[in-house]
1. Go through (1) facing chain C (nearest Cβ under 7 Å); (2) in a loop (DSSP other than H, G, I, E, B); (3) open to solvent by 10 Å² or more (accessible area, probe 1.4 Å) one by one and return the number of the condition B:PRO54 breaks.
2. Sort out which residues of the stretch B:192-230 are touching a Leu at 6+ places or on another chain (Cβ under 8 Å) and small (Gly, Ala, Ser), and write them in order of number.
3. Contact list please: Cβ distance under 9 Å, first residue in the stretch C:113-140 and without any contact (Cβ under 8 Å) to a residue 24 or more places away in the chain, second residue open to solvent by 50 Å² or more (accessible area, probe 1.4 Å) and not small (Gly, Ala, Ser), pairs at least six apart or on different chains.
4. Go over the candidates B:GLY290, B:GLY281 one by one and state the one that is at pLDDT 85 or above, over 30 Å from B:GLY47 (Cβ atoms) and part of a helix (DSSP H, G or I).
5. Under 6 Å by Cβ, and 6 or more places apart or on different chains, what pairs join a residue from the stretch A:314-329 that is more than 10 Å from chain C (Cβ to nearest Cβ) with one that is crowded, with 22+ Cβ neighbours inside 10 Å and assigned to a loop (DSSP other than H, G, I, E, B)?
6. Give B:ALA21, B:ALA100, B:ALA73, B:ALA85 a once-over and let me know the one that is surrounded by fewer than 19 Cβ atoms within 10 Å (Cβ to Cβ), in a helix (DSSP H, G or I) and not β-branched (Val, Ile, Thr).
7. Just name the residue that is modelled with the lowest pLDDT out of those in the stretch A:300-312 that are closer than 20 Å to B:ASN123 by Cβ and open to solvent by 10 Å² or more (accessible area, probe 1.4 Å).
Amino acid sequence: MSDIAADRQTILRGARDRLAGFARAFFRTPLVAAINIAALALIALAVPPIVDWAILDAVWTGATGAACPPDAGACWTFIAHKYRLILFGRYPFDEQWRPLAATVLLLAMTGASCWPTFWTRRLLAAWPVALALYALLMWGGVLGLSFNPTTYWGGLPLTVLLSVLGIVIGFVVSVPVALGRRSRMPVIRVFCTAYIELVRGVPLISILFLASVVLPLFLPDGFTPSGLVRVLAGIVFFFAAYMAEVLRGGLQAIPRGQYEAASSLGLGYMATMWKVILPQTFELVLPAMVNLFIGAIKGTSLVVIIAMMDLLGAAQAALADPNWIGFYVEAYVFAGAIYVLLCSAVSWYGRKTERRLRTMRGR
Amino acid sequence: MTARRFRIRRDIVWQALFLAAVIGMGTLVVHTASENLSRLSIRSGYGFLWDKAPFELGESLIPYRAGDTYFRAFLVGILNTLKVALLGIVLSTVIGTAIAIGQLSQSVVVARACRFYIETVRNVPLLLQLIFWHTVITRGLPPVRRALSPVEGIYLSNRGLFVPALGAHPAYGQMFVGLLAGIGAAALIGWLSIRRRRLTGAGLPWPGLMGLAAIVCLPLAVFLAHGAPVVLDTPALKGFNFTGGASVSPEFAAVLLGLTLYTASFNAEIIRAGILGVPSGQMEAGRALGLRRGRIMRLVILPQAMRIAIPPLTNSYLNLIKESSLSVAIGYPEVVRVANITLSETNQSIECVSIIVAVYLCFSLVTALIGNRVNRAAALVER
Amino acid sequence: MTFRHLAGAVALAVTILAGAMPSARAELLDDIKARGQLVCGTLNYLPGVGFLDDKGEWSGFDVDFCKGAAAAILGDPDKVEFVALTGAQKFPALESGEIDILSRSVTATLSRDSALGFDYIGPNHMTGQGFMVHKALGVSEVGDLDGATICVLAGTVTERYLADYFRARGMSFTPVAAENSDQLYALYFDERCDAITMEPPYLAVRRLRSADPDGHVILEEMVAKSFEAPFIRNGDPKFHEVLQWMHYGLITAEELGVTQANVEELAATSEDPVIRRFLGVDGDLGAELGVANDWMVKVIKAIGNYGEFYDRNIGKDSPLGLPRGMNALWRDGGALVAPGWQ
């Protein structure tokens, strides 16, 4: 009995202490208190109308745009009717469980690969299986699943696919490029430097135009990879250069003693890099890399300019229905919220890993 | 053979193979391309730049009409890009600094609010923000014939903001010259003052005030000499749209708003890192000298913070310039849009995309060079 | 030393091989038959013309043409893969070989035929470039639009025609461009621009579906012809012939009264020599073109004759309800003609 009472006392006291601390911070000096109160007043002016619009006055049910009069709040019934279009694009309606399952699988594999506890040989073996399963689910054509070419893929699955593959393949490509930039062989060094500096100097949209409009001219007649593959190549081409630059910063910070110690142990170039240098580099550059990953996720939204229907493109398509005119705030807020969710998750992961690495290294 | 000579020979072999592979692929690619182009009877070369461009552009800093050359059209696009980029750089730095200081404020509410702003704006793609602002402006503001007019002469509609501008009058040109002269005089006064302080320990009396007086009084004198002419070009609704005055188009406003708010959130993080990078002893020393927090911030912390922040800020400005290319999605006539129209008209896709690439490479190079100069000038001179 | 010589020899060999790659190109018709599928570039957002709905079904005038072509060459209208393209992508995709046919309501012009290296079929949809204006502006003819703000679709030939027309008459205008027509019409209806320029049929459709159909006027005047046609690459004469005669076949079918409903019955039972020749019962006209003799039966079965094909997608049997206008048979006062079928 007294234990429970004691626990309750502790909890209450803890809460009171936290409140007292907060109040102290709030009213630290008269000036600070005044600023806080003024800021709160501003927020009180701005937030209630938003809450009114978004929740209290909002329309939650209805079959057409007529159900949401102009003076009412947000028209969430629009989202209720259109969320499948926004999330899955033009994938055949009855088969949308396939991209859903495929995307969940891909996200699960990516999530698992982020926890060191899962870094076993089985995970490495699981990736090709997962990718094959993904291809099977999305493309179909066998096992009684109907065939859906890549032109039907859209919405959130397309965003996730482009982001994950773009980041992974880009990372794999960026390692030799970063090493090549630091190579002692002048030809390779010049080539890698030229590639990195050129790509970093131009916007992503121009690389995507190059990939979708100009690249087919450079390929032999009849051999034209699908638009999806070309766009993916463009994204990889672009982000590999940025990742290579970030890796270079990390490589520069590795003390020369590491190289000397490795060679004194008789390790060749590949072994040194793979076992000694690169692991340390990855740790060092992780925060910057996470920023690049977030940039890649946001960068996939540009494919709407070359007529691919990713999440943003699907939101725009949802707005084109003549039965639902003018609910652009709802549509863009919905799409924006999904992006914030994705990017915040990656950002949270980056912060967590950074903290863990810092405590591990004792810095 | 020594180990070193063997290694050099092996390097040469690797490089030769690499070069061979690159050249082999290169010739293959060029060969295929020229074949494809001739099969499709597409012209090659940049001669098209001197043909007449059969399209109009929504806004331009230099006079442009359909029938001018493609080259002039590209020039219009480049100037429009520069316009939005320069304004975006300045505004995003100012707003970013304010938010950075806000985040470090002692006021819990302000700090949390700034943090919320940064986290939200950073995680939403810029393209979505641009499209959102453009839709808000074109759908939210009233149409031209029902324009909002808070003050006579200022009109806000979904076709743009129209404000009165100075009309044509010889006095204004001379006033501008006077302004330049005044700025020159102020710079001269400042330089003289610094020199005098270095030599004698005491500068000119009231150099700031004298400089300000020069900047204000010279143009004012010209103005009064002409009899204080006030010739305003007020916008008026004639026919389809407002004519006269100066205007800001919805596309430009949307691009500027989206770019500025987005880049400001990144700049705020950079500047905050810069401020936190200044040793805390500086703040304490300032307080020991009896300065208030605001003055310490302005005179001691911020200049040093800027020094730390210049390289990442340069990078951020580079990103801003490159991301202004997204405004093609909302119809702002910058370089990418001009290249797109030209591509549809002439079908010379390789040349048009190469122009985009070349233009942005130039921008990047110039910005990086300026950033490096500023960085070096601001670097600590260690003796 | 020998190592280096070997490396140099390898490099030289690779370079020589690279330059000497042969580049033969077979006739596209044979390629398509070997491949078993036709690739068609089109629109995906304009109902009645080229539309991909929420359920993943393709429909529309341009879409049906490709289905007909697949029926003609491969015997099955579903053996076609559709690729959605923007205005800027449409020609590069055709040039590069990514698509076989560009069926995207593209206007046929001289330079597109010659300098850009394409051929067109037909044209199969004849219209012009007109304007829709807000009625409140009191504009009755194009000349009144001097100084107006006009919405145009980026990457289309309408930008050029508009600029040329206004420049020739010393008029000026301010363009507002959007990348796809949904965005464009949204800008027009929000009064971002005073007028919008496009082919009158599409303007009529959008006006009907707008919030205030009576508040907009479609001007009678047209500033340019706009004959739309499917496009293919230069240099595939057999493919061109098949498609061109398929177009003529659709017209001939309507002349002869062959419809989607009665084509198979006619093929089996008709005694009329003209119809028998047309449907491939007599003669080897199909084989001469390189397709099956009963190819017109397959085509008509798949998409109907020209009248059915037009009415179902954009004519009186569709929500768009556009009149045939110039797209009627010559004997009905339109401009569609087809040479004799023998």
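1. The one condition B:PRO54 does not meet is (3).
2. Scanning the stretch B:192-230 gives a single hit, B:SER193.
3. That search, which allows pairs on different chains as well, returns C:ASP113/C:TYR120; C:ALA115/B:ARG43; C:GLY138/C:ASP144.
4. Selected residue: B:GLY281, the only one of B:GLY290, B:GLY281 that is at pLDDT 85 or above, over 30 Å from B:GLY47 (Cβ atoms) and part of a helix (DSSP H, G or I).
5. Qualifying pairs under 6 Å: A:ALA314/A:GLY89; A:ALA314/A:GLY154.
6. B:ALA21
7. A:VAL304
Residue-wise test of (1) part of a helix (DSSP H, G or I); (2) within 27 Å of B:VAL151 (Cβ to Cβ); (3) open to solvent by less than 90 Å² (accessible area, probe 1.4 Å).
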position: B:GLY178; (1), (2), (3): yes, no, yes
position: B:LEU204; (1), (2), (3): no, no, yes
position: B:LEU209; (1), (2), (3): yes, no, no
position: B:ALA221; (1), (2), (3): yes, no, yes
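The values are calculated or read from the model by the stated rules, or taken from the named source; none is laboratory data. The structure presented is a predicted model; accordingly, all values stated were derived computationally and were not measured. Here the Cβ is made from the backbone with ideal geometry for all residues, glycine too, and neighbour counts use every protein chain on show. Remember, those area values only see protein heavy atoms, side chains included, never the ligands or the DNA or RNA. Shrake-Rupley method; radii C 1.70, N 1.55, O 1.52, S 1.80 Å.
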